[in-house]
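Colleague: Sending over a structure as structure tokens; questions will come in a sec.
Only the coordinates and a few stated rules stand behind these numbers; no lab work does. As the structure is a computational prediction, the values presented were derived from the model and not from experiment. Don't worry about glycine lacking a Cβ; one is built from the backbone with ideal geometry, like all the others, and counts go over all protein chains shown.
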Protein chains: 2
Amino acid sequence: MKRDSRLSSVLHALLHMAEHDRPMTSEALAQCMNTNPVVVRRTMGLLREAGIVASARGHAGGWSITADLSTVTLRQLHEVLGEPAVFAIGNHSEVPECLVEQSVNAALDGAFAKAEALLLEHFAQVRIGDIAADFARRHQSIRTPQA
Amino acid sequence: MKRDSRLSSVLHALLHMAEHDRPMTSEALAQCMNTNPVVVRRTMGLLREAGIVASARGHAGGWSITADLSTVTLRQLHEVLGEPAVFAIGNHSEVPECLVEQSVNAALDGAFAKAEALLLEHFAQVRIGDIAADFARRHQSIRTPQA
DNA sequence: TTTCATGTAACTTTTGATATTACGAATATG
DNA sequence: CATATTCGTAATATCAAAAGTTACATGAAA
């Protein structure tokens, strides 16, 4: 299975945008992120629907942030992306007739559900603004490496 | 992405085998599990290397359980399968040069690591014998449905 | 009106899991 | 010992999901 890296991608994009005064084009974001402008538009389009960013066409167009990043959480972004499947491990059949398989699924489902709940709780507590601040700290430590 | 269902599969196989006195052939297991005999051999081969099952060729050959299932945990099986990736969501690049992406990865990695740790802890506490017992209970409730 | 930039459908590529084919090796049975 | 059975395994094919690409329409600014 190929892993879904859109959450990572949109975070990356948002942080770059937060550093810019003016809108960034899909082209520019794609270069930052080592991907394709169309992929950027597709993914950022979901954030636009959620009111987190806005897009403008034509000259001086591009993507800009509309929400307050200190109020947007990882969990919201995950939801905006359509709540993609979290696990790469799963049952062979989700609706088995076989009684044995039903017991197997029951044993696994509980464990996965708890882990997913923990992950989403954690996501709910991480605000994008916090990540931006973390970036600022790292950036600072490079500009002034002597402590 | 297709999900890795081998953990589910080997559990299914072990429980069926536990119900049998004699060895079960790859063919028979494959039918139970709605898959292919070669896939069964490949996966069960890993359990054999770990000493959980044994295989015999020729007449009356097949797969049989050698370990005490009440001492084998889900976590062990996960290890035996090579500790496959747990998450279907991940970073765009694991070793980014971009400082922004480093902050993004840091934010996500922590959350995923905690969720994985919880999952594996849970796995460590589930013994295959317990699942077999759960199955026996369900099986019983069908044989004697009037409570 | 030309250029820039998004919007989006359609298609291709890539990747990882699973399935299949084919054949070799070992073992029990008559 | 000949044969049927069953695993062992390499090589290949199929499948599904994510990501990338192409192509072109739409809209906005200079």
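Colleague: Using unit Cβ charges (K, R positive; D, E negative) and no other charged atoms, how large, in debye to the nearest 20, is the dipole of the stretch A:49-110 about its Cα centre?
Modeller: On the way: 2 positive and 8 negative charges, 88 e Å.
So the magnitude is around 420 debye.
Colleague: Could you work out the percent of alpha carbon pairs in the stretch B:74-147 separated by over 14 Å, rounded to a whole number?
Modeller: 72
Colleague: Hey, another quick one. If you place +1 on the Cβ of every Lys and Arg and -1 on the Cβ of every Asp and Glu, how big does the dipole about the Cα centre of the protein assembly as shown come out, in debye to the nearest 20? Walk me through the numbers before you get to the answer.
Modeller: Numbers: 28 positive and 32 negative charges, 83 e Å.
With Lys and Arg at +1 and Asp and Glu at -1, about 400 debye.
Colleague: Ok, one more. Where does helix A:128-143 land angle-wise versus the long Cα axis of chain A, in degrees 0 to 90, nearest 10?
Modeller: For A:128-143 against chain A, the angle is about 50 degrees.
Colleague: Let me ask something else. What distance in nm separates the two pseudo spin-label positions at B:Ala106 and A:Ser55, each 7 Å out from Cα along the beta-carbon direction?
Modeller: Label-label distance for B:Ala106 and A:Ser55, simple model: 3.1 nm.
Colleague: Take the alpha-carbon positions of the stretch A:1-46, form their convex hull, and give its projected area averaged over all directions (one quarter of the hull surface) in nm². All intermediate terms of the calculation are to be shown ahead of the outcome.
Modeller: Numbers: hull surface 12.9 nm².
That works out to 3.2 nm², a quarter of the Cα hull's surface.
Colleague: Report relative contact order for chain A in percent, whole number only (criteria: Cα-Cα under 8 Å, sequence separation at least 6).
Modeller: Dividing the mean separation by the residue count of chain A yields 24 percent.
Colleague: Also: Once the label point is placed 7 Å from Cα along Cβ, list for A:Arg138 the distances to the corresponding points in the other copies, in nm, shortest first.
Modeller: Relative to the other copies, A:Arg138 has label-point distances of 4.5 nm.
Colleague: Kindly give the distances from A:Gln125 to its copy-mates, label point to label point, with each label point 7 Å from Cα along Cα→Cβ, as nm values to one decimal ordered shortest first.
Modeller: 1.9
Colleague: Taking a quarter of the surface of the Cα convex hull of chain B, what do you get in nm²? Present the calculation step by step, with values, prior to reporting the outcome.
Modeller: Numbers: hull surface 47.3 nm².
Value for chain B: 11.8 nm².
Colleague: Between B:Asn36 and the same site in the other copies, what are the distances in nm, shortest first, taking label points 7 Å from Cα along the C-beta direction?
Modeller: Ordered by distance, the counterparts are at 3.0 nm.
Colleague: Please report Rg (one decimal) and Dmax (integer) in Å for the Cα set of the protein assembly as shown.
Modeller: 24.2, 77
Colleague: Sticking with this one: Rounding to the nearest 10 and keeping the result within 0 to 90°, find how far the Cα-based axis of helix A:99-125 lies from the longest principal axis of chain A.
Modeller: 20
Colleague: Quick check for me: using +1 on Lys/Arg Cβ and -1 on Asp/Glu Cβ, what's the dipole size of chain B about its Cα centre, in debye to the nearest 20?
Modeller: Details: 14 positive and 16 negative charges, 155 e Å.
Rounded to the nearest 20 debye, it is 740 debye.
Colleague: Separate question: Just want the answer: with Cβ charges of +1 for Lys and Arg and -1 for Asp and Glu, which residue in A:Phe87, A:Met24, A:Ser55 is farthest toward the dipole's positive end in chain A?
Modeller: A:Met24
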